[in-house]
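Where a number appears in this text, it was derived from the coordinates with a stated rule and is not lab data. Keep in mind that this is a model prediction, so the values were computed, not measured. With ideal geometry, Cβ positions are generated from the backbone for all residues, glycine too; neighbour counts draw on all protein chains shown.
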Amino acid sequence: MTFKIDANLELEHLHLLVQSLETMTNFYKKLGLQVLNQTTTQVTFSIPGNTKPILVLSTEESVAIRPPRTTGLFHFAILVPSREDLAYVIGNLLNTGVAITGAGDHIYSEAFYLNDPEGNGIEIYHDRPRTEWISDGHGGLITGTEAVDIEGVMALYDRQRPWVGFPKGTVLGHIHLNVSVINEATTYFYIDALGFDIMTNFHDSALFISAGGYHHHIAVNIWQGVGAPVPPKQTTGLLSYTFALSSHEELQKLLNNLKEKQIPYTFENDQLVVVDFNDDAMIFYVRQFI
């Protein structure tokens, strides 16, 4: 029987190495996240009113900016609950002077794009109802990049709604990575070993991968060029990304499959850690229900 990862998996948070912790902290506060914990070398953010981390920033001595044309984070995506919430966030970011660099209608979602001060890509989006997603007839989904109906979105912007940051129900929706190559090793790692499903093969230049029929929890692309190198250590960008599983049984099944597929991992303090193709840590643990 083909192994499938937990259909109730959630992408919980990511961890970035940054050069200027002060600059980046100020940016993400302006973006609409709240500080949960802060030290001289690390800041943890959540959605306002929530105690679950969504983003961790760390710094250390001699951090350099990630070189261009290397692998790593393409963007991370913040999912808001509704189209009205998307208008609320984007309208207020424009009011506070945060630059929006692009937008795309991906058929199953509408998205806006921006960059943080160190060049990490950010997507802010909402999903259309699943009944409106378009099947490709083979178990996957049709996607694309069309023009967003910006007037239609912004017509929903309520200027009387006080700005308090990202609204309740906002989560980390997906993570999108630049990789060196997409080949059989890629599908073996994500599909055979980790148990995700390929939802879309986008012109053989990007794979959109998910659990439980979502359009994607992870995407990988070769848009920095085939053979793009992994950036040097101590450069800015992604350190790890964390998934919460629904039970210890699901975690054990994943661990067993990694053993069977001979994928290296570590398991310590109830956390399963697998290193991806960009030398970033994929962390799996059991979700805590509060």
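A few remarks follow.
- Cβ-derived FRET efficiency at R0 22 Å, ARG130 paired with TYR188, nearest 0.05: 0.15
- Simple rule: put +1 on each Lys or Arg Cβ and -1 on each Asp or Glu Cβ in the chain, find the dipole, and look at THR70, PRO48, GLY237; the Cα lying farthest toward the positive end is PRO48.
- The slack between GLN234 and GLU146, meaning 0.36 nm per residue of separation minus the straight C-alpha distance, is 28.0 nm.
- ASP116, ASP270 arranged by Cβ crowding within 10 Å, fewest neighbours leading: ASP270, ASP116
- Modelled FRET efficiency - R0 22 Å, VAL35 with GLU60, Cβ distances, 0.05 increments: 0.65
- Point-charge dipole on Cβ atoms (K/R +1, D/E -1) for the stretch 10-286, about Cα centre, debye to 20: 500 debye
- For LYS168, a cut-off of 18 angstrom between C-alpha atoms picks up these aspartates and glutamates, skipping any fewer than 8 places away in its own chain: GLU10, GLU12, GLU84, ASP85, GLU123, ASP127, ASP158.
- Fewest-first sequence of SER62, SER205 by Cβ atoms within 10 Å of each Cβ: SER62, SER205
- Dipole magnitude of the stretch 1-103, debye to nearest 20 (Cβ charges: Lys/Arg +1, Asp/Glu -1, about Cα centre): 220 debye
- Karplus 3J(HN,Hα) series, Hz, for the stretch 234-249 with 6.51 cos²θ - 1.76 cosθ + 1.60 (x for Gly, Pro): 6, 10, 4, x, 6, 9, 7, 9, 10, 10, 9, 9, 7, 7, 5, 4
- Using 0.36 nm per residue and subtracting the Cα-Cα separation, the extra length available between LYS52 and TRP163 on full extension is 37.9 nm.
- Label-point separation in nm, SER82 to ASN221, each point 7 Å along Cα→Cβ: 3.0 nm
- Counted residue by residue at 0.36 nm each, then reduced by the alpha carbon distance between them, the extension gain from THR2 to LEU156 reaches 51.0 nm.
- With θ taken as phi - 60° and the Karplus curve 6.51 cos²θ - 1.76 cosθ + 1.60 applied, the whole-hertz 3J(HN,Hα) list for the stretch 54-62 is 10, 8, 10, 10, 10, 9, 8, 5, 6 Hz, x standing for glycine and proline.
- Packing-based ranking, highest mean first, of 143-154, 83-94 given that Cβ atoms within 10 Å are counted: 83-94, 143-154
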